Every structure is written in C-alpha cells, then in structure tokens.
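Here the structure is laid out as structure tokens; the discussion comes afterwards.
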Protein chains: 2
Amino acid sequence: MTKCIAAFFIVCSLAKPAPPLTARQVIERIQAHVGVPWRADTVDTFKAGDPDTPVTGIATTMMATYDVLVRAAAEGKNLIITHEPTFYSHQDQTAAFEKEHDSVWEQKERFIKEHNLVVWRFHDHWHMHRPDGILTGVVRALQWQKFQGTNDPRLFVVPEMTLEQVAAQMKQRLGIEIVRVVGDPQLKVTKVGLSPGAGGSQSHRAMLQKDSVEVLAIGEVPEWETIEYVADAAAQGKHKALILLGHIPSEQPGMVDCAEWLKGFVTEVPVGFVATKEPFWLAR
Amino acid sequence: MTKCIAAFFIVCSLAKPAPPLTARQVIERIQAHVGVPWRADTVDTFKAGDPDTPVTGIATTMMATYDVLVRAAAEGKNLIITHEPTFYSHQDQTAAFEKEHDSVWEQKERFIKEHNLVVWRFHDHWHMHRPDGILTGVVRALQWQKFQGTNDPRLFVVPEMTLEQVAAQMKQRLGIEIVRVVGDPQLKVTKVGLSPGAGGSQSHRAMLQKDSVEVLAIGEVPEWETIEYVADAAAQGKHKALILLGHIPSEQPGMVDCAEWLKGFVTEVPVGFVATKEPFWLAR
C-alpha cells in the first residue's frame, strides 16, 4: 500500500505538464536576447490577441496578411511575429476601422479571435540587432556576403555587371515577380547600395550621394521622392540608378533568419517561417 | 518734312512692342480663371526662377523632371507648369540639398537659371477646379465619359470585364508600361472607382468600402496601407481589387487638358504639353 501510494505520487509528478509558454514570455525572451536596450518608443508591440495565450507554435513573417494568418493557423502556429503592420498603417491604429465597421478589418479581427492567435510586431529591434537581422537575411539570399563592406554593411562591390544584369540577378535570387528599375539598362556597375524596405528619401539620398553607390536597391518610395531624384541624376548623365524590389520581397529573407534565431532560445514549441506573398501581378 | 515726321511717329507707335507677359501675370490669370477661391495654404507656388521673367512659351507637365526641363527649354517654353514636385518632396524644400551641396539638385537649379526658366506648381487648385482638371483628362483618355457617375464623378459602371481585362484596357488607353494589380485576375467587374495620384489610404478605403466600388484604380500607395488592405479583402473572398497605374501616368492626361484650358486665356505665347516619361522599366 505504501509502495502504491509512493508510485502514484511519482507518476503524478512525472505527468504534471510544464506551465504553458505564453506569448508574453516568448517576447520577454526576445527582449533578453536581442542585444540592444528596449526602446520606450517603438512599434514592436502586441497588435492583436491576448498576450497571455499559451503558445502552440510560432510563425515569423514579413507582413501579417489575412492569407498569412490562415496558413499559420493551419500549421498550428498561433503566435505570429510580423515585421510589418497587420492593420494597414505603420502604427496599426484600429479606431477608424472600428468606427467605420470596416468589413475587411472585422473579418481579420474575428479570425484572430476564433483561432486564438496573437500577433506581435518585430520591426525596430530586429533592425537594431547587430548585425541587422533583416539586412543579414537579404545578403544571405543574394549570396553577396563576400562583397559586403566592412565599414558600412549596406555597401557592396560586386563583379562588374550592367544595371540590367544586376537587377535580373537580384530578381532571380530573391524570387521576385516584379522588379522596377530607374536608369540606363546598359550602365556598367560594381558599387551597389542596399536599403531594404522603405528607408525614406533622406536616407536614400545620403547613400546615392556617395561615390561608393552607383545603384541603390530599395523596397519602395513615393515617385516624387527618390524615384524622381534618380531619374534626374540619370538624365544628367550621372552614374546612378535605382532598383525597386518591392517592400515585401526586399526584406522577407530577414524573417526567415528570424525564425532560425528564435529556435536558439525557444525550444518548447515549433518555430517556422510563413512566407508573405508578393501582392501584385502585372497587367498585360 | 511735316509728312515725314508724322509718318515716323505712326511707324514708331505701331512697332512699339506690347509689354512682355511675365510668369507672375500668367499665374494671376490662372487664379482669376480657376473658379475657386485661392487657398492661403497651398503647394501651388513658384518653385524656381524669377516670377517676373518674360514668358516665351508655356509647358504644362505632370512632373518637372530634369528631362522635362530640357525638352521644354528646347521648345522655347520657359514657364513650366507642373502638377507634381520639382525638388523631390511634396513641399519642394531645398534647404537640405543646399546644405549637402547635392549635385543632382545643383545641376537642375543651374539648368533652370541658365535657361531663364520659371517653374510653378499647379496641383491643389487644378484638382479643386470643377470638374477636377486631372480627373477629367484621365476619363477622356480612358474614353469612359459615358460610364461616369453623376453623383460621384470618381465612380464608373463599365461593361462587364474580368479584372485582367479592365487592367489591360486602362494600361493600353493610358499608354502605361507597368501596371500592377492586386486581386483575382478572373474577378468579373463592372464597378470601378478612380483615384489618380496618391490620394492616401483613408480616401482609398472610403471608396473600397462602398458597394459601388469593386475595383479601385490609383496611382500609388505604400504596400502596408491600401495594398495590404485589398490583398486581405481578396483573401477573404470579397469582391474587391486594386489597380496601381503608377503616379505619373495615372494623372498625366489632366495636364494635357491643362494646356488646352490655358489657351483659352493665354494667347500671347505658345502653350503646349510636355510629357513626363514613366520612370521605370521591368527587370527580366
């Protein structure tokens, strides 16, 4: 009888599950591992769902589109770590959508609730990580590590190609459907600047002013800013060009790397990358 | 002798040239004819050159790129009336460029000075003109006048087409190289909303929320705003799509019309449209 009771207690103790890992705890681990002080003013916050939800799996992604949420949920991953916004603005403000009873927003919110999802944004601090988590992923995907500058990791000296060739190489290696280019297709270039995402025209211009940048590759920018600037430079006969990769594909490989990085300190649940689709197709 | 003197005075009087028309006077005529009160807060101001320069000819254009300035000057047109910015930002602020001794800006400024050009922006009030001068030109180019709404001139009911077909028609009629589309290519649509330029996501969303808009055609917008919104709507199975015409070609026909409108009250000098080139080409 004593033996039986002892055995019963041992079995109970073994079977008792570890306390579930919550979304909040995952984020606390990220904050502890990212290697830079956490900013008070940041967009890296919870965007939807209850932070105390037990996590069944983690999906990293470039942009938490509805399509991404559906595929993550189907894989049993209920914590979505997204680089870009979920609710259609940099600040993910939803007050206007609520007031308007916007049906696209409502269906997305409903899907998140019904599938017990939690969405958290990882933008500022993944860029602030040293090396920049996004840039590192993009350089890996481009196979340009050996061409990367040591002083400025955004600058590359590649084997000489025409602008047409370098744009084609980036398109192929990053797997992009639509890459738009400004400049002379036959311009011979070796010096490439890389500014994934939407870094803004001031930052773009600072790179384009350098002799060490003949062609700048970015995600996106308004037409009347960097695009007009480079069109003018090209019309003036300057040795400058611009490659527009599109925002999503220009940064996406950095969120593949993010999943690998997370696996280093989150081992209780599956962690994987869910690709965000390039949103466009070309009219004929 | 008396006859001779009289004849001399008559000849002198006939030969005396009319006082030259200045850029400032042309703009005063525009302000008098545009049919809406002139706003105190507007981007419709002189951007470069001396407003008191005598005008030799007027070029209307979509965006006063370096290439446009060169072609206008070659045609002897020294007053450039541009819908979009000259100096790479909505406010055309040049202080940063001066400070940085930016070579692209310097060469553009130098060209303007050396060729005695004056650049003036005509954005807000050409849109405020009734009917909207830009929209009217685009509708004419699309040959969609008979499909235009009477209550809201931005709404159209066109003969039923697939999304692929309506995008192809807009591309062909507006003469655009690169038109990007979000949504199901086989979606059958009749209800099209037209918002040329960069109207902003709040305005786009207000149109997309209407049952009277199945597909919205715009110039451009950041990917994480209207583009993600429509990608989500499409993923949710909603009958919605987005066509991105590019900023320049989406509004350019409105500046063709602007030249015709100006000819109604500026007769002293040649007036003509100078096309702004679509800045992009596609990587293979």
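The values are calculated or read from the model by the stated rules, or taken from the named source; none is laboratory data. The structure displayed is predicted, hence computed values, not measured ones. Cβ sites come from the backbone with ideal geometry, for glycine too, and all protein chains shown count toward neighbours. Each accessible area value is taken on the protein alone, full model and side chains, heavy atoms only, with ligands, DNA and RNA left out. Shrake-Rupley method; radii C 1.70, N 1.55, O 1.52, S 1.80 Å.
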Check: For segment B:241-256, which residues satisfy the criterion of being assigned to a strand (DSSP E or B) and closer than 17 Å to residue B:222 by Cβ?
Finding: B:242, B:243, B:244
Margin query: What's the total number of residues in segment A:163-180 that are more than 7 Å from chain B (Cβ to nearest Cβ) and small (Gly, Ala, Ser)?
Written below: 1
Next item on the list: Filter segment A:256-284 down to the residues that are under 13 Å from the mean Cα position of the chain (by Cα) and among the β-branched types (Val, Ile, Thr), then identify the one that is nearest to the other protein chains (Cβ to nearest Cβ).
Entry: A:276
Notebook entry, point to check: Within the group A:232, A:211, which residue is in contact with a helix residue (DSSP H, G or I) (Cβ under 7 Å, 6 or more places away or on another chain) and among the acidic types (Asp, Glu)?
Noted result: A:232
Next item on the list: Only residues that are open to solvent by less than 10 Å² (accessible area, probe 1.4 Å), out of contact with any Lys or Arg (no Cβ under 8 Å at 6 or more places or on another chain) and not aliphatic (A, V, I, L, M): list them for segment B:225-245, please.
Entry: B:228
Check: Looking at segment B:107-118, which of the residues that are surrounded by 14 or more Cβ atoms within 10 Å (Cβ to Cβ) and not polar (S, T, N, Q) is farthest from the other protein chains (Cβ to nearest Cβ)?
Finding: B:118
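Here is a yes/no grid of residues against (1) in contact with a Cys (Cβ under 8 Å, 6 or more places away or on another chain); (2) of a type in the set (A, V, I, L, M, F, W, C); (3) closer than 30 Å to residue A:48 by Cα:
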| position | (1), (2), (3) |
| --- | --- |
| A:105 | no, yes, yes |
| A:117 | no, yes, yes |
| A:124 | no, no, yes |
| A:134 | no, yes, yes |
| A:141 | no, yes, no |
| A:145 | no, no, no |
| A:154 | no, no, no |
Checklist line | Boolean, residue B:257 is closer than 25 Å to residue B:61 by Cα and among the charged types (D, E, K, R) | finding: yes
Next item on the list: Mind telling me which of the residues A:256, A:266 ends up being open to solvent by 10 Å² or more (accessible area, probe 1.4 Å) and closer than 23 Å to residue A:82 by Cβ?
Entry: A:256
Item checked: All positions within segment B:88-100 that are at the interface with chain A (Cβ under 9 Å from one of its Cβ atoms) and not polar (S, T, N, Q) -> B:88, B:90, B:96, B:97, B:100
Next item on the list: Collect the residues in segment A:186-198 that are within 13 Å of chain B (Cβ to nearest Cβ) and open to solvent by less than 40 Å² (accessible area, probe 1.4 Å), keeping them in residue-number order.
Entry: A:187, A:196, A:197
Item checked: Of all residues making up segment A:27-56, the number that are assigned to a strand (DSSP E or B) and touching a residue at least 40 places away in the same chain (Cβ under 8 Å) -> 3
Note to self: Please go through segment A:131-157 and give me each residue that is open to solvent by 80 Å² or more (accessible area, probe 1.4 Å) and assigned to a helix (DSSP H, G or I), ordered by number.
What the structure shows: A:140, A:145, A:146
Margin query: Which condition from (1) more than 18 Å from the chain's Cα centre (by Cα); (2) assigned to a strand (DSSP E or B); (3) within 12 Å of chain A (Cβ to nearest Cβ) is the one that residue B:238 breaks?
Written below: (2)
Next item on the list: Could you please give the count of residues in segment A:77-93 that are out of contact with any strand residue (DSSP E or B) (no Cβ under 9 Å at 6 or more places or on another chain) and either of a type in the set (Asp, Glu) or without any contact (Cβ under 8 Å) to a residue 24 or more places away in the chain (or both)?
Entry: 3
Check: Which residues, taken from segment B:49-71, are over 21 Å from residue B:128 (Cβ atoms), out of contact with any Phe, Trp or Tyr (no Cβ under 8 Å at 6 or more places or on another chain) and either surrounded by 24 or more Cβ atoms within 10 Å (Cβ to Cβ) or within 14 Å of another protein chain (Cβ to nearest Cβ) (or both)?
Finding: B:65, B:67, B:68, B:71
Checklist line | Filtered residues of segment A:155-175 (kept if within 24 Å of residue A:258 (Cβ to Cβ) and touching a Gly at 6+ places or on another chain (Cβ under 6 Å)) | finding: A:155
Next item on the list: Tally the residues that are under 21 Å from residue B:275 (Cα atoms) and among the aliphatic types (A, V, I, L, M), restricting the search to segment B:75-103.
Entry: 3
Next item on the list: Give the residue, chosen from B:212, B:201, that is facing chain A (nearest Cβ under 10 Å) and surrounded by fewer than 23 Cβ atoms within 10 Å (Cβ to Cβ).
Entry: B:201
Note to self: Can you find, within segment A:215-224, the residue that is nearest to residue B:61 (Cα to Cα) among those that are open to solvent by less than 30 Å² (accessible area, probe 1.4 Å) and within 11 Å of another protein chain (Cβ to nearest Cβ)?
What the structure shows: A:223
